Amino acid sequence: MNLILFGPPMTGKGTQAEFISEYLHINHLSTGNMFRGLAEENDKEGLMAKGYWGKGDLVPDSLTIKLLKKEINKEKYKKGFVLDGFPRTLNQAKELKKIARIDKVINIVSGDDTIIKRTVLRRLCSNCQKIYGTNLQPKKQGICDKCGGKLIQRQDDTEEIIKNRLKIYREQTEPVINFYKKEGLLSNINGEQLPEKVFKDIKKAINDGKNN
Ligand code: AMP
């Protein structure tokens, strides 16, 4: 199954993508993780992308689509994938349609106030990337429960940057929702619930095949 996980930043897409990936035995492809990984490796295009995501701006379509195509062609996505963070523009959605069949689009819906609060409280393990925040606090402050790694705040997790990201989302990314609605692939899920309940609703949408 090839699935897209959609929704504004900080709606728990990363967490839900991990749940789905385990449930359907498919790999998680996050373009945000892809960009951060490339920048950490000092990859030339990764560093170019960082100039945009570091400010909360979208990485230009040409670069994003080029890197996505390279990534999605890897063997590990042949059985299926859960895409998180892509497509973010109508152009990206159209390009994706040319290279992959999409079976389902899950749209996680959440209000701006919840999103801003979640952003400033989010922490990330610098070692294993596990996410902590309003719903999950580490047992020991600043230390990852899973691997003992140091917890850090993402450079783009500030109030100013999240407001910019939300503005961009409403302007550029929401039209993509209509694209998938027209294709009959969209399921809306309430993201203002505990992660377990959100996942329960996602499983129902996957299994019922019902869209709204
Ligand atoms: P994320 O981890 O999905 O929140 O992505 C982090 C940042 O990477 C975003 O704020 C964007 O700047 C950039 N990014 C990720 N995916 C895309 C995409 N599909 N198109 C353009 N920029 C992206």
Q) If you go through segment 96-104 one residue at a time, do you hit one that is closer than 25 Å to Asn178 by Cβ, within 10 Å of the ligand (Cβ to nearest atom) and crowded, with 18+ Cβ neighbours inside 10 Å? A) yes
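Condition check ((1) over 17 Å from the mean Cα position of the chain (by Cα); (2) over 16 Å from Lys98 (Cβ atoms); (3) within 11 Å of the ligand (Cβ to nearest atom)) across all residues:
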residue	(1), (2), (3)
Asn42	yes, yes, no
Met48	yes, yes, no
Gly54	no, yes, yes
Ile65	no, no, yes
Q: Run down Ile161, Ile177 and say which single residue is surrounded by 15 or more Cβ atoms within 10 Å (Cβ to Cβ), in contact with a Gly (Cβ under 6 Å, 6 or more places away or on another chain) and assigned to a helix (DSSP H, G or I).
A: Ile161
Q. Name the residues in segment 97-142 that are in contact with a Leu (Cβ under 9 Å, 6 or more places away or on another chain) and either charged (D, E, K, R) or closer than 17 Å to Gly7 by Cα (or both), would you?
A. Ile102, Asp103, Lys104, Val105, Ile106, Asn107, Ile108, Asp112, Ile115, Ile116, Arg123, Lys130
Q. Looking at segment 184-199, which of its residues are surrounded by 14 or more Cβ atoms within 10 Å (Cβ to Cβ) and either free of Cβ contacts under 8 Å to residues at least 60 places away in the same chain or assigned to a helix (DSSP H, G or I) (or both)?
A. Gln193, Pro195, Val198, Phe199
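Bear in mind these aren't lab numbers, they're just calculated from the coordinates by the rules spelled out. Predicted model only: the values in this text are computed from it and were never measured. All Cβ positions, glycine included, derive from the backbone under ideal geometry; neighbour counts span all protein chains shown.
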